[in-house]
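Structure first, commentary second.
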Amino acid sequence: ASNRIHLGEVVATSNDGLTESLMSTASALGEVLTRLSSIVDVDVSSNPIADDQAAAFCAALLAVPLQSHEGEPAFAVHAAVSPPALRYPAVGLRCLHLGGTAAGDMAAETCATALRQHPNLALSSLCLSSRVGDAGASAIASALPHAPSLRELWLGDLLGDAAVDSFMAVLSDAD
């Protein structure tokens, strides 16, 4: 049995009335994938997945309670999804690929939280998208000391000086 999953055209672009439903679907898909004991690679690249949907997917896959920037829950969890306190991340996951999506700062911040909360993650390659800006990149940078397995990080080309400074600070502290 294969332990690699490539999903094409799974989550459709949301229309105004479908955002909660699509985020619930993304969340439920992530939660279901954690039940696969031997999952190693998850590739949902080149799908029309918005940042909030990517964050919901990553939160479920990596067992992170997702919060909005205002501190309120950012999405309604699908009824089939276990409460966050009872879920476990896909600890054997080595590669998470969301390139070519609209994953941005929310998804990056969710992944950073997972890296800090679950230092036993086997994640060695993380590819988000070119929509990650300084806030998301800085969050990832601050989580790097908690991510000993991470070897490849793909964030795109929206990074400014603040993101570069964050990475430089973390890398200089590692010496």
Legend entry - Search result, residues across the stretch 34-59 that are surrounded by fewer than 18 Cβ atoms within 10 Å (Cβ to Cβ) and modelled with pLDDT under 75: Arg35, Leu36, Ser37, Ser38
Inset, instruction - For Leu171, state whether it is in a strand (DSSP E or B) and without any contact (Cβ under 8 Å) to a residue 60 or more places away in the chain. - result: no
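For every residue, the table says whether it meets (1) in contact with a Ser or Thr (Cβ under 7 Å, 6 or more places away or on another chain); (2) among the β-branched types (Val, Ile, Thr).
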residue: Gln117; (1), (2): no, no
residue: Leu126; (1), (2): no, no
residue: Ala135; (1), (2): no, no
residue: Pro145; (1), (2): no, no
residue: Ser149; (1), (2): yes, no
residue: Asp161; (1), (2): no, no
residue: Val164; (1), (2): no, yes
Inset, instruction - Could you tell me which numbered condition Leu126 fails, if it satisfies all but one of (1) closer than 22 Å to Met168 by Cα; (2) touching a residue at least 40 places away in the same chain (Cβ under 8 Å); (3) within 11 Å of the chain's Cα centre (by Cα)? - result: (2)
Inset, instruction - State all residues of the stretch 109-139 that are surrounded by 21 or more Cβ atoms within 10 Å (Cβ to Cβ), over 17 Å from Phe57 (Cα atoms) and among the hydrophobic types (A, V, I, L, M, F, W, C); if no residue qualifies, say none. - result: Ala137, Ala139
Inset, instruction - Report yes if some residue within the stretch 101-118 is part of a loop (DSSP other than H, G, I, E, B), more than 16 Å from Gly136 (Cα to Cα) and at pLDDT 50 or above; otherwise report no. - result: yes
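The values are calculated or read from the model by the stated rules, or taken from the named source; none is laboratory data. Owing to the predicted nature of the structure, the values given are computational and were not obtained by experimental measurement. Using ideal geometry, Cβ is built from the backbone for each residue, glycine included, and neighbour counts are taken over all protein chains shown.
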